[in-house]
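Input: a single structure, listed below in structure tokens.
The values are calculated or read from the model by the stated rules, or taken from the named source; none is laboratory data. Computed from a predicted model, the values in this text were never measured in an experiment. Here the Cβ positions follow ideal geometry from the backbone for every residue, glycine too, while neighbour counts run over all protein chains shown.
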Amino acid sequence: MRRGTNWRLAAALSLVVAAGSLTVSGPAAAAPVIRLAPAAPVQPADVVGSVDYLTRTYGVSVREAVRRLELQRTAGALQDVLARDHGDTFAGSWIDQENGGVLYVASTAAGKLAPALGAIPDRQHIRVVGARHSLRELAARAREASARLGLTPEQEPVINPQRNRVELHHGAAAAVRGSAGRLALAGDLGVTVVDSPTPTPQACQIQNCEAPMRGGLRLDFLDFNKSPKWTCTNGFNVHGSDGWQYTVTAGHCSEDGAGYYSRHAGLYVGRYNYPTYVSQNYPYDGVIMPYVVMNGFEYVSYWVVNPRNTVFHSGKSKEFPIDGMFTYSQIEVGWVACHTGQTSNNTRCGTVLSKDGGMVTDICTRGGDSGGPLFSEVDNMAYGILHGGTDSNGTCTTRSYYSPLSKVFDTARSYSGITFNVNSDA
């Protein structure tokens, strides 16, 4: 029997496992008890957008909404420990907001792991379920599939912890479907080709603010001759290992240099830089632009002031602090996140519904919000920047797609040799 046939059978079995139907028989030696560093309680006043979203969408109380947000924070810390200390068996985690705000932790050794979580806060809302393949195994399978299928960096396979399998979405799926041989090989490798809607990039609108530069502000783009082109929204302030300061926004806002300069409220902000231009395509849609030096004036000295990284949050503060960044692999399905857009002219929150290489959310966005920041009120962490949306209800899109910052940064590093990270207000 071919190895690929075994993987297809394993993938089918893993669906049963991931659903929690696997019965673990026989005694299992429990793993050592896991303890997390204590964290201060989440205050409703600090997470107003997320609480409002949860209470409206799921009909829960403010107290229950806060509990779910605290569980989300716990999930972020727990997955780091599991990936480090149980990497051979940890198979991912996610939160089910639809059915009680429950955190699911998947493991190939569920019987051993479950008792080890006894000291984790809100343990009664944590379910340990069996899985056939660990994240490490799936990551190895994804690397093999990428190499043997001849995929480009922008066609990176996606690991789906809920289904415990490797998937191809968007450009990768189209590339494989275009060749009968590659499609058959994908099946032999146990890789699932998924139909995903194509989000429509969105242009941006206005918001005039003084320094500091922050996520959610309008960026007017001009060509090399400084003629106006279009507008987009700023994502986050970024620093590079080369010592320069940058902004990051959607790559389709620059169109590979057609939009050469960015400007806000009549003042220059950034400029196109070929080595740090990533892509116009989801989920790598991003451009990292160094601050302009023009006529001897360094515009970074005006725009980047304390606090060094904030976003415009219409429900809380015009300078909501950002303390760091979660990578794509750290962000879990079911987490609540918020987005600020210039056309929307406010901050809206929603749930990460799925991961298809990027993050798919139910946040209401409008044409004009592209490039805007996706972030968490719970822990002040940056997630990604808006690419576009689908399923418009007439006033806004009901499915919004975000390029993960970590993928934009990693790809830019491969082109430029520069390591990027968001500036921190911590």
Failed criterion for residue 183 (all others in (1) in contact (Cβ under 8 Å) with a residue 12 or more places away in the chain; (2) touching a strand residue (DSSP E or B) at 6+ places or on another chain (Cβ under 8 Å) hold):
(1)
Count of region 42-91 residues which are outside any helix (DSSP H, G or I) and of a type in the set (Gly, Ala, Ser):
4
Being touching a helix residue (DSSP H, G or I) at 6+ places or on another chain (Cβ under 6 Å), more than 22 Å from residue 135 (Cβ to Cβ) and assigned to a loop (DSSP other than H, G, I, E, B) is the filter here; which residues of region 330-378 pass it?
371, 377, 378
Counting only residues that are in a loop (DSSP other than H, G, I, E, B) and over 15 Å from the mean Cα position of the chain (by Cα), which one in region 379-404 is surrounded by the fewest Cβ atoms within 10 Å (Cβ to Cβ)?
394
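Across region 311-329, what is the total count of residues that are within 10 Å of the chain's Cα centre (by Cα) and not in a loop (DSSP other than H, G, I, E, B)?
Quick first cut of region 311-329, residues within 10 Å of the chain's Cα centre (by Cα) only: 325-329.
Applying the additional criterion that residues be not in a loop (DSSP other than H, G, I, E, B) yields 325.
Qualifying residue count, region 311-329: 1.
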Would you confirm whether any residue within region 289-305 is modelled with pLDDT of 90 or more, under 23 Å from residue 410 (Cα atoms), surrounded by 24 or more Cβ atoms within 10 Å (Cβ to Cβ) and out of contact with any Asp or Glu (no Cβ under 8 Å at 6 or more places or on another chain)?
yes
Count - residues of region 405-426 that are in contact with an Asp or Glu (Cβ under 7 Å, 6 or more places away or on another chain) and buried (at least 24 other Cβ atoms within 10 Å of the Cβ)
0
Selection over region 339-362 where residues are of a type in the set (Val, Ile, Thr) and at pLDDT 95 or above yields a count of 4
Total residues in region 204-218, condition modelled with pLDDT of 90 or more and outside any loop (DSSP other than H, G, I, E, B)
1
Confirm whether residue 119 is out of contact with any Cys (no Cβ under 9 Å at 6 or more places or on another chain) and assigned by TED's automatic domain parsing to the domain that holds residue 174.
no
Just need a number here: residues in region 89-130 that are surrounded by fewer than 18 Cβ atoms within 10 Å (Cβ to Cβ), of a type in the set (Gly, Ala, Ser) and within 25 Å of the chain's Cα centre (by Cα).
1
Single unsatisfied condition, residue 163 versus (1) in contact (Cβ under 8 Å) with a residue 60 or more places away in the chain; (2) touching a Pro at 6+ places or on another chain (Cβ under 9 Å); (3) outside any helix (DSSP H, G or I); (4) closer than 30 Å to residue 392 by Cα:
(2)
For region 17-76, name all the residues that are in contact with a Lys or Arg (Cβ under 7 Å, 6 or more places away or on another chain), modelled with pLDDT of 90 or more and farther than 23 Å from residue 339 by Cβ.
39
